[in-house]
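To start, the structure under review is shown below, and the notes come after it.
The values are calculated or read from the model by the stated rules, or taken from the named source; none is laboratory data. Since this is a predicted model, take the numbers as computed values, not measurements. Positions of Cβ are backbone-derived with ideal geometry, glycine not excepted, and every protein chain shown enters the neighbour counts.
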Amino acid sequence: MNHKVRIVFTVILFLSVLSLSALDFGGSIENLSALEIESGTSFQQGDKISLWLDSSIGKSLYAGAQGSYTFTLTRPYLFDLELLKLKGEYPIGDDVSFLSFEAGRFPVQDFSGNVLSHPLDGLKIHMKLAPFNATVYTGFSGLLFKESSLIMMSKHDAADRLDAGRLLAPPRLVGMAELEFIELLRRINVTTSYIMQIDLRSADTLGDQIRGGRINTHYIGLGAGGAAPFSLYWNIHGYLGFGSTLSLIDGAYSKASIRSFLGGISARWYPEKKLYSRILFKMLYASGDADNYTFIEGNTAGRSSLFIPVAETPLETMFTPQLGNIVITDIRYSLKPLAPLGKRGEQFQTEIKSVFFFRPTTGAISEPYNSASDAKYVGTEIDLALNFRPVSDLGLSLVTGMFFPNTKAGGVFLSTQRGTETAIKLNAVLSF
């Protein structure tokens with residue numbers, strides 16, 4: 001039985017279960033238009049229709065499904081099954097504590113959102129008690145459609161993405177265990193995490209066309225967050241990365257160990273009396289490797305110190321490097337200038353954002369760069385966003401921004417690689 005038949009059979013079986021009980025259903029229509037200006041002008045248009053179904057089966061079971069169709073100018077159609085799950089929740093003793101499970105396809109995210117944030121097919125068990133929350137998850141990525149997959153860890157993965165004859169995403173086994181201690185210290189929650197992913201391909205490929213290897217990684221994380229006086233909220237986290245990657249050392253391919261680090265800190269202040277203002281500061285550090293000649297499998301000496309997340313982390317910026325050999329400092333200020341006009345005015349929000357990019361080593365970043373450069377400063381982005389929700393089911397967003405790359409003499413980018421980039425994006429989402 002091929003992959004397409006299995007997927008269709010699973011959907012039909014699941015919908016048969018849903019038909020045994022009452023259904024709740026709805027959907028959304030999303031439009032994204034973008035005008036980008038660099039050396040020339042380009043226009044992007046995307047439209048997405050999503051439909052979802054929810055159903056309660058008895059007192060403790062719940063089933064849900066969501067599918068979508070996406071149109072873009074470069075890809076006329078993309079059908080995707082985004083959610084297909086069965087969930088059960090069972091109380092333990094009091095009204096606060098419970099044990100739950102989820103089985104099927106659903107989004108999975110670690111506590112930081114920077115190592116693993118991706119839909120997978122698997123099983124999650126969660127226990128909530130007064131002093132702590134515990135979660136255990138195991139899943140598989142190889143039944144996702146590759147067009148909707150953000151897993152890009154090896155040259156194998158890159159080759160599969162370009163292979164027109166390949167339908168599904170890279171086959172990887174993913175596991176995660178997290179333990180969150182509630183107010184371990186006063187008003188501070190502490191979380192520990194372990195994540196692993198294993199490449200299930202049978203062998204490395206060392207041919208003339210593709211030189212890539214299986215990459216297996218493990219991550220140990222620790223984080224803390226809480227509230228401080230004066231409406232200030234903070235969070236800090238760090239991950240140590242381990243594993244092995246194929247490397248070209250002294251002219252020969254061999255496996256090299258990985259020792260990497262990801263760290264982040266954020267603070268949010270809400271002086272709400274001042275037009276619902278919010279000030280946000282975030283800094284994210286992802287280690288790099290000075291001897292990496294390419295971002296993917298580019299290690300050429302000793303062990304690799306380049307951080308490699310399980311899935312690419314989408315950034316809320318025009319310039320979107322992958323997390324690896326990058327330092328990102330993000331400062332934002334938002335307010336609702338029309339709040340004095342009443343509830344309708346409170347639905348309009350403005351935000352200005354400045355983002356500064358650096359690289360911790362002179363090694364490769366995920367974007368085309370000047371390999372002869374020793375510079376660490378990558379560039380600066382400035383964005384202005386206008387958000388408006390006239391009714392609860394309609395959201396509108398207009399974002400304009402500019403990215404100023406470091407193209408000075410000896411800079412990270414050559415002037416032929418990148419120029420000042422300007423973009424205007426209009427997004428509209430209608431739910432029904």
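If we keep just the residues of the stretch 168-195 that are hydrophobic (A, V, I, L, M, F, W, C) and within 21 Å of Leu123 (Cβ to Cβ), which is farthest from the chain's Cα centre (by Cα)? Before you say what the answer is, go through the steps one by one.
So the first thing to find is which residues in the stretch 168-195 are hydrophobic (A, V, I, L, M, F, W, C), and the list is 168-169, 173-174, 176-177, 179, 181-182, 184-185, 188, 190, 195.
Remaining after also requiring within 21 Å of Leu123 (Cβ to Cβ): 168-169, 173-174, 176-177, 179, 195.
Working: Leu168: 19, Ala169: 16, Leu173: 18, Val174: 15, Met176: 16, Ala177: 18, Leu179: 21, Ile195: 15 Å.
So, considering only residues that are hydrophobic (A, V, I, L, M, F, W, C) and within 21 Å of Leu123 (Cβ to Cβ), the one farthest from the chain's Cα centre (by Cα) is Leu179.
Take Asp121 and tell me if it is of a type outside the set (Ser, Thr, Tyr), assigned to a strand (DSSP E or B) and touching a helix residue (DSSP H, G or I) at 6+ places or on another chain (Cβ under 8 Å).
Values: of a type outside the set (Ser, Thr, Tyr): yes; assigned to a strand (DSSP E or B): yes; touching a helix residue (DSSP H, G or I) at 6+ places or on another chain (Cβ under 8 Å): no.
Answer is no for this residue.
With Pro107, Pro131 as the choices, which residue is under 17 Å from Glu180 (Cβ atoms), surrounded by fewer than 16 Cβ atoms within 10 Å (Cβ to Cβ) and not basic (Lys, Arg)?
Working: Pro107 fails: under 17 Å from Glu180 (Cβ atoms).
Matching residue, one of Pro107, Pro131: Pro131.
Which residues, counting only those in the stretch 359-388, are over 21 Å from the mean Cα position of the chain (by Cα), among the hydroxyl-bearing types (Ser, Thr, Tyr) and farther than 30 Å from Gln347 by Cα?
Across the stretch 359-388, the qualifying residues are Thr361, Thr362, Tyr369, Ser371, Ser373, Tyr377.
Each row is one residue, and each column tells you yes or no for (1) under 19 Å from Ser141 (Cβ atoms); (2) at pLDDT 90 or above; (3) buried (at least 16 other Cβ atoms within 10 Å of the Cβ); (4) of a type in the set (A, V, I, L, M).
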site	(1), (2), (3), (4)
Ile195	yes, yes, yes, yes
Asp199	yes, yes, yes, no
Asp208	no, no, no, no
Asn216	yes, yes, yes, no
Phe230	no, no, no, no
Tyr233	no, yes, no, no
Ser260	no, yes, yes, no
Ile265	no, yes, no, yes
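What number of residues in the stretch 300-333 are in contact with a Gly (Cβ under 9 Å, 6 or more places away or on another chain) and either of a type in the set (Ser, Thr, Tyr) or part of a loop (DSSP other than H, G, I, E, B) (or both)?
12
Pull up the stretch 57-85, narrow it to residues that are among the aliphatic types (A, V, I, L, M) and surrounded by fewer than 17 Cβ atoms within 10 Å (Cβ to Cβ), then point me to the one that is modelled with the highest pLDDT.
Looking at residues that are among the aliphatic types (A, V, I, L, M) and surrounded by fewer than 17 Cβ atoms within 10 Å (Cβ to Cβ), I get Leu61.
Restricting attention to the stretch 409-432, report how many residues are assigned to a strand (DSSP E or B) and small (Gly, Ala, Ser).
3
Scan the stretch 267-284 and give yes if some residue there is without any contact (Cβ under 8 Å) to a residue 60 or more places away in the chain, in contact with a Pro (Cβ under 8 Å, 6 or more places away or on another chain), over 24 Å from Gly324 (Cα atoms) and among the hydroxyl-bearing types (Ser, Thr, Tyr), otherwise no.
Yes; the residues of the stretch 267-284 include at least one that is without any contact (Cβ under 8 Å) to a residue 60 or more places away in the chain, in contact with a Pro (Cβ under 8 Å, 6 or more places away or on another chain), over 24 Å from Gly324 (Cα atoms) and among the hydroxyl-bearing types (Ser, Thr, Tyr).
Specify which of the listed residues (Phe307, Phe356) is over 23 Å from Gly212 (Cα atoms), surrounded by 15 or more Cβ atoms within 10 Å (Cβ to Cβ) and among the hydrophobic types (A, V, I, L, M, F, W, C).
Only one candidate passes the filter, namely Phe356.
Filter the stretch 129-167 down to the residues that are over 29 Å from Ser247 (Cα atoms) and modelled with pLDDT of 95 or more, then identify the one that is nearest to the chain's Cα centre (by Cα).
Tyr137
Is it the case that some residue within the stretch 140-161 is touching a helix residue (DSSP H, G or I) at 6+ places or on another chain (Cβ under 8 Å), crowded, with 18+ Cβ neighbours inside 10 Å and of a type in the set (Val, Ile, Thr)?
yes
Tyr293 - would you say it is under 16 Å from Pro360 (Cα atoms), part of a loop (DSSP other than H, G, I, E, B) and aromatic (Phe, Trp, Tyr)? Steps first, please.
Values: under 16 Å from Pro360 (Cα atoms): yes; part of a loop (DSSP other than H, G, I, E, B): yes; aromatic (Phe, Trp, Tyr): yes.
Against the criterion (under 16 Å from Pro360 (Cα atoms), part of a loop (DSSP other than H, G, I, E, B) and aromatic (Phe, Trp, Tyr)), Tyr293 qualifies.
Can you name every residue in the stretch 349-383 that is of a type in the set (S, T, N, Q), under 17 Å from Thr420 (Cα atoms) and either part of a loop (DSSP other than H, G, I, E, B) or modelled with pLDDT under 95 (or both)? It would help to see each step written out before you state the result.
In the first step, residues of the stretch 349-383 are kept if they are of a type in the set (S, T, N, Q); the result is 349-350, 354, 361-362, 366, 370-371, 373, 380.
Keeping just the survivors that are under 17 Å from Thr420 (Cα atoms) gives 354, 370, 380.
Passing the criteria: only Asn370.
Looking at this structure, is Gln45 touching a residue at least 12 places away in the same chain (Cβ under 8 Å), out of contact with any Gly (no Cβ under 6 Å at 6 or more places or on another chain) and closer than 24 Å to Leu162 by Cβ?
yes
Can you tell me which of Glu297, Glu312 is touching a Lys or Arg at 6+ places or on another chain (Cβ under 8 Å), closer than 30 Å to Gly175 by Cα and touching a residue at least 60 places away in the same chain (Cβ under 8 Å)?
Numbers: Glu312 fails: touching a Lys or Arg at 6+ places or on another chain (Cβ under 8 Å).
Step by step, each of Glu297, Glu312 is checked, and only Glu297 is touching a Lys or Arg at 6+ places or on another chain (Cβ under 8 Å), closer than 30 Å to Gly175 by Cα and touching a residue at least 60 places away in the same chain (Cβ under 8 Å).
For Pro340, all conditions in the list (1) surrounded by 17 or more Cβ atoms within 10 Å (Cβ to Cβ); (2) not in a strand (DSSP E or B) hold save one; what is the number of the exception?
Evaluating Pro340 over (1) surrounded by 17 or more Cβ atoms within 10 Å (Cβ to Cβ); (2) not in a strand (DSSP E or B) leaves (1) as the failure.
For residues in the stretch 393-408 being in a loop (DSSP other than H, G, I, E, B) and touching a strand residue (DSSP E or B) at 6+ places or on another chain (Cβ under 8 Å), which is nearest to Gly324 (Cα to Cα)?
Here is the first cut: in the stretch 393-408, the residues in a loop (DSSP other than H, G, I, E, B) are 393, 406-408.
When the remaining residues are screened for being touching a strand residue (DSSP E or B) at 6+ places or on another chain (Cβ under 8 Å), the result is 393, 406.
Values: Asp393: 38, Asn406: 18 Å.
Ranking the qualifying residues of the stretch 393-408, first place goes to Asn406.
Looking only at the stretch 261-290, how many residues end up being within 30 Å of Leu426 (Cα to Cα), of a type in the set (A, V, I, L, M, F, W, C) and part of a loop (DSSP other than H, G, I, E, B)?
Of the residues in the stretch 261-290, 1 are within 30 Å of Leu426 (Cα to Cα), of a type in the set (A, V, I, L, M, F, W, C) and part of a loop (DSSP other than H, G, I, E, B).
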